[in-house]
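Shown next, in structure tokens, is the structure this report addresses.
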Amino acid sequence: MAQDPVHALILADGDPPDAAALDAAWPGWSDGIDLIVAADGGVRYAAGLGLGPVDLWVGDGDSLSPADLEALRGAGIPMELAATGKDESDTELAVLAAVDRGATRLTVLGAFGGPRLDHALANVLLLGHPRLADRSVVLLDPGARVRLVQAPGPDGAAVSMSLAGRQGDLVSLLPIAGPADGVTTTGLEYPLADEPLQVGPARGLSNVRLETTAAVSLTSGAVLVVETPATLSG
């Protein structure tokens, strides 16, 4: 018998997430959360989301004071303290901890903000982590929803992703790690029909969702799907 999906919320240590703004931009984003994992300083933002206590804290502790860490221990929050000289980011460790606990759907907040561009890029590229290949993962803030679609599938066939959402929102399709082939879209203003997308040219940038049931498929490669609310399209 198939197990019920497990929805994990990952709190990365970026800009503080605004629950009301997230609700307005992405209705239903927090539905069915089963597990909340904080990555180091991301634990500071948990209370403001109003989703309940953190189930697990993961990190090397360099974003918190000794008093903060002691407070976590005193609150009885399970902690996985990593060495400072580690190979993984705190966000990566938090994501993998959620996977180890059965997460099949992961929503990551705080992945883009903060002072360091390299951290933001690393978080986006984390979508391609091998251990996330068969899971639904989204990086989220009020201004963007980012996912990854990769092909071919296990059977060598094309892979499709639903782009369901509001009419008028922007949808950008950005190939990474090489060209994407056989890209086909439905429900977008500028359709693609079995076309390639190359790394570099902005061919897939700033499309517009015309229907609430839009979709994209591809036969090979990897494409970042970046959605932006129409209110922020400029």
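Numbers at a glance
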read-out	value
Accessible-area value, residue 119, 1.4 Å probe, nucleic acids and ligands omitted, Å²	100
Highest-fluctuation residue, 52, 128, 42 considered, GNM on the chain with Cα pairs under 10 Å	52
Calculated over region 152-191: convex hull of Cα atoms, volume per residue (Å³)	94
Cβ charges +1 (Lys, Arg) and -1 (Asp, Glu), total dipole of region 1-140, debye	180
Shape category assigned to region 22-133 from the gyration tensor of Cα positions, a/c cut at 1.5	rounded
Taking region 45-187 and dividing mean pair separation by its residue count, relative contact order in percent (alpha carbons under 8 Å, at least six apart)	15
Packing rank of 18-28, 214-224, where each peptide gets the mean count of other beta carbons within 10 Å, highest leading	214-224, 18-28
Assigned charges on the beta-carbon of Lys, Arg, Asp, Glu; the chain dipole about Cα centre (debye)	340
Spatial separation of Cα centroids for region 76-103 and region 1-46, in angstrom	15
DSSP bridge pairs, the chain: antiparallel proportion in percent, nearest 5	60
Overall Cα dimensions of the chain - principal axes, largest extent first, Å	57, 41, 37
Kirkwood Rh in Å, taken over all unlike Cα pairs in region 98-207	15.5
Between region 173-218 and region 117-172, the Cα center-to-center distance that results, in Å	13
5 angstrom amide H check on residue 208, placed H, neighbours 5+ away	171, 189, 190
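The values are calculated or read from the model by the stated rules, or taken from the named source; none is laboratory data. Every value quoted in this text rests on a predicted model; they were computed, and no experiment measured them. As a convention, Cβ positions derive from the backbone with ideal geometry for all residues, glycine included, and neighbour counts pool all protein chains shown. To get the accessible areas, we keep the full protein, side chains included, count just its heavy atoms, and leave off ligands, DNA and RNA. Shrake-Rupley method; radii C 1.70, N 1.55, O 1.52, S 1.80 Å.
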